[in-house]
1. For Thr42, only one of the following conditions fails: (1) in contact (Cβ under 8 Å) with a residue 40 or more places away in the chain; (2) surrounded by 12 or more Cβ atoms within 10 Å (Cβ to Cβ); (3) not in a strand (DSSP E or B). What is its number?
2. Quick check: anything in the range 49-70 touching a residue at least 40 places away in the same chain (Cβ under 8 Å), over 16 Å from Ile126 (Cα atoms) and in a helix (DSSP H, G or I)?
Amino acid sequence: MRILAVDPGSRHIGLALSDPSGTIASPLTVINHISRLMDAATVVDLAHSNQVGLIVIGQSLDEDGTPTFEGRRARRFAETLKMQTSLPVVFWDEAFTTRDARSARIQMGVSRRDRSGHLDSLAAVILLQSFINAQIEKKDEES
């Protein structure tokens, strides 16, 4: 089953897509934020055109596990998504995905000048791979 990860931001929404087996995450695209309703419609269209079976929304949490301001924004976006699709929508802690994306680009040897763009799709990949890895670990523990 393909999984779509959504890393919502105030200006850009990063999207990542898993392979058909749901084990490897790859960047899909970045959507420029227009409005919650239009952004959700775009995500739903991409989910259907890529035959997605699950949508994972990145949600930032504070130390107590309570959604931050951005996390509450992600929850509102997810509610808008749920009104437009019957696909299951789940939350996943997006802690440090942007920082990890920045570090990954540095480790890949991307020059400082070329690193200046947004990291949204790479952050979505990190989010999705984290979710996938946790699901695999959970299955292994149950076996």
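1. Failing condition for Thr42: (1).
2. There is at least one residue in the range 49-70 that is touching a residue at least 40 places away in the same chain (Cβ under 8 Å), over 16 Å from Ile126 (Cα atoms) and in a helix (DSSP H, G or I).
Rundown of residues vs (1) modelled with pLDDT of 95 or more; (2) hydrophobic (A, V, I, L, M, F, W, C), yes/no style:
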position: Ala40; (1), (2): yes, yes
position: Ala47; (1), (2): yes, yes
position: Asp64; (1), (2): no, no
position: Thr97; (1), (2): no, no
position: Met108; (1), (2): no, yes
position: Ser130; (1), (2): no, no
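The values are calculated or read from the model by the stated rules, or taken from the named source; none is laboratory data. Quantities reported herein were computed from a predicted structural model and do not represent experimental measurements. Neighbour counts are summed over all protein chains in view; Cβ atoms, including those assigned to glycine, are modelled from backbone coordinates with ideal geometry.
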